[in-house]
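J.: Pasting a structure here, questions to come.
The values are calculated or read from the model by the stated rules, or taken from the named source; none is laboratory data. Because the structure is predicted, anything quoted here is derived from the model rather than measured. Positions of Cβ are backbone-derived with ideal geometry, glycine not excepted, and every protein chain shown enters the neighbour counts.
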């Protein structure tokens, strides 16, 4: 991106006030996704990616989100993109 005059600027690690959404995402992954693995180490990338895809589907389509008033991200997206008849 330097050829476009855009420089990447890093923020300090563990700075939620600067990067709250990413910090929250990492926390949810740690508390919910990795806990589902129950300490099992998966050294097969294909198996891990399948587990991750299952988690992402659950997170986006089935898990209620407090910040979205109990809606899933998919429900909120549908709400925001559906035009009233």
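J.: How many residues are in contact (Cβ under 8 Å) with a residue 12 or more places away in the chain and farther than 28 Å from residue 16 by Cβ when one looks only at the range 28-85?
T.: Total meeting the criteria: 0.
J.: Read through the list (1) surrounded by 10 or more Cβ atoms within 10 Å (Cβ to Cβ); (2) in the same structural domain as residue 78 (by TED's automatic domain parsing), then give the number of the only condition that residue 46 fails.
T.: (1)
J.: If the requirement is being at pLDDT 85 or above and not in a helix (DSSP H, G or I), which of these qualifies: 29, 43? Let's see the steps before the verdict.
T.: Numbers: 29 fails: not in a helix (DSSP H, G or I).
Unique residue meeting the criteria: 43.
J.: Determine which single condition residue 24 fails, assuming it passes every other condition in (1) in contact with a helix residue (DSSP H, G or I) (Cβ under 9 Å, 6 or more places away or on another chain); (2) outside any loop (DSSP other than H, G, I, E, B); (3) modelled with pLDDT of 85 or more.
T.: (3)
J.: With the structure loaded, tell me whether residue 35 is touching a helix residue (DSSP H, G or I) at 6+ places or on another chain (Cβ under 6 Å), surrounded by 10 or more Cβ atoms within 10 Å (Cβ to Cβ) and part of a helix (DSSP H, G or I) or whether it fails that test. Reasoning before the result, please.
T.: Values: touching a helix residue (DSSP H, G or I) at 6+ places or on another chain (Cβ under 6 Å): no; surrounded by 10 or more Cβ atoms within 10 Å (Cβ to Cβ): yes; part of a helix (DSSP H, G or I): yes.
When the stated conditions are applied, residue 35 does not pass them.
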